[in-house]
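The values are calculated or read from the model by the stated rules, or taken from the named source; none is laboratory data. These numbers come from a predicted model, not from an experiment. We place every Cβ from the backbone using ideal geometry, glycine too, and count neighbours over all the protein chains shown. For the accessible areas, the whole protein counts, side chains as well, though only heavy atoms, and no ligand, DNA or RNA atoms are used. Shrake-Rupley method; radii C 1.70, N 1.55, O 1.52, S 1.80 Å.
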Amino acid sequence: MTDSHARLVAHLDAAGAAYRIVEHEAEGRSEEISVIRGNHPSQALKAMVVALKGGAADFGLAVLPGDRRVDFEALARAFGARKVRFAAPEDAQRLTGCVMGSVPPFSFDPAMPLVADPAIQGNQEVCFNAARLDRSIFMPLADYLKAAAPRLTAFAA
C-alpha cells in the first residue's frame with residue numbers, strides 16, 4: 001500500500017500550496033478532532049467515500065464542512081447517479097489507502113470523481129486529516145481549491 005500521507009504532502013508541494021502539518025492524538029471523528037485541533041467545525045473538510053449506483057462512476061469522494069451532514073438525494077444528483085450511500089470501509093480504504101476517519105479531501109484516483117459543497121468556502125483557512133488519524137493539515141482555502149480542483153455543487157443538509 002502506498003503511503004497516502006507522503007503522496008498528499010508531495011501533491012501539495014507540487015501544487016505550490018501553503019500548508020502546515022499538525023501532529024496530535026489519533027482521532028477520526030469530526031466533532032472530537034475539531035476540539036483537539038482547536039478549529040471551528042465549519043473549517044474542517046470532511047471527506048467521505050461514497051458508492052454510486054446508476055452513474056458513470058462506481059465511487060466518488062464528497063467533501064463538506066465538518067459541521068454539516070449529507071443530503072443523499074442532492075449528492076446523487078451531484079454525481080449524476082441514481083443512488084448514493086457511504087462506501088463500505090474496506091472499499092474506502094482500498095480506494096484511498098486510508099483508514100476511515102483519515103481520508104483527506106483529495107481524490108488521487110481518476111475513476112473516483114471529487115465534489116465539494118460550496119459551504120466549504122465559508123472560511124479563509126481549512127483543515128483536514130492528512131491521510132493519518134494523528135496528523136492534520138491547515139491551509140488557505142484558495143490553495144485547497146487550486147490543489148484539489150473539486151467540482152463545487154450543493155449537497156450539504
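Looking for something among the basic types (Lys, Arg) and farther than 25 Å from Ala147 by Cβ - is there at least one such residue anywhere in the range 66-74?
yes
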Quiz item: Given the residues Arg20, Arg37, Arg68, Arg82, which is the only one that is under 14 Å from Ala156 (Cα atoms) and of a type in the set (D, E, K, R)?
Solution: Arg68
Quiz prompt | Verdict on Val50 being open to solvent by less than 50 Å² (accessible area, probe 1.4 Å) and either closer than 22 Å to Lys146 by Cα or in contact (Cβ under 8 Å) with a residue 40 or more places away in the chain (or both) | solution = no
Quiz prompt | Subset of the range 61-83 (residues that are touching a helix residue (DSSP H, G or I) at 6+ places or on another chain (Cβ under 9 Å) and within 20 Å of Pro104 (Cα to Cα)) | solution = Leu61, Ala62, Val63, Leu64, Pro65, Gly66, Asp67, Arg68
Practice problem: Could you check, for the range 10-28, whether at least one of its residues is open to solvent by less than 50 Å² (accessible area, probe 1.4 Å), part of a helix (DSSP H, G or I) and modelled with pLDDT of 95 or more? | Solution: yes
Self-check item: Criterion: of a type in the set (Phe, Trp, Tyr), closer than 25 Å to Met139 by Cα and at pLDDT 95 or above - qualifying residue of Phe106, Phe72
Solution: Phe106
Quiz item: Which one of Ile120, Ile137 is open to solvent by less than 30 Å² (accessible area, probe 1.4 Å) and part of a helix (DSSP H, G or I)?
Solution: Ile120
Quiz item: Can you tell me which residues in the range 93-117 are in contact (Cβ under 8 Å) with a residue 24 or more places away in the chain and not in a loop (DSSP other than H, G, I, E, B)?
Solution: Leu95, Thr96, Leu114, Val115, Ala116
Quiz item: Which members of the range 140-157 meet the condition of being closer than 22 Å to Ala78 by Cβ, touching a residue at least 40 places away in the same chain (Cβ under 8 Å) and in a helix (DSSP H, G or I)?
Solution: Tyr144, Lys146, Ala147, Ala148
Quiz item: Hey, does the range 28-47 have a residue that's within 18 Å of Pro150 (Cβ to Cβ) and over 15 Å from the mean Cα position of the chain (by Cα)?
Solution: no
Quiz item: Of all residues in the range 29-45 being within 23 Å of Ala92 (Cβ to Cβ) and without any contact (Cβ under 8 Å) to a residue 40 or more places away in the chain, which is most open to solvent (accessible area, probe 1.4 Å)?
Solution: Glu31
Quiz item: Are any residues in the range 60-90 surrounded by fewer than 21 Cβ atoms within 10 Å (Cβ to Cβ), within 15 Å of the chain's Cα centre (by Cα) and part of a strand (DSSP E or B), and if so, which ones?
Solution: Val70, Phe86
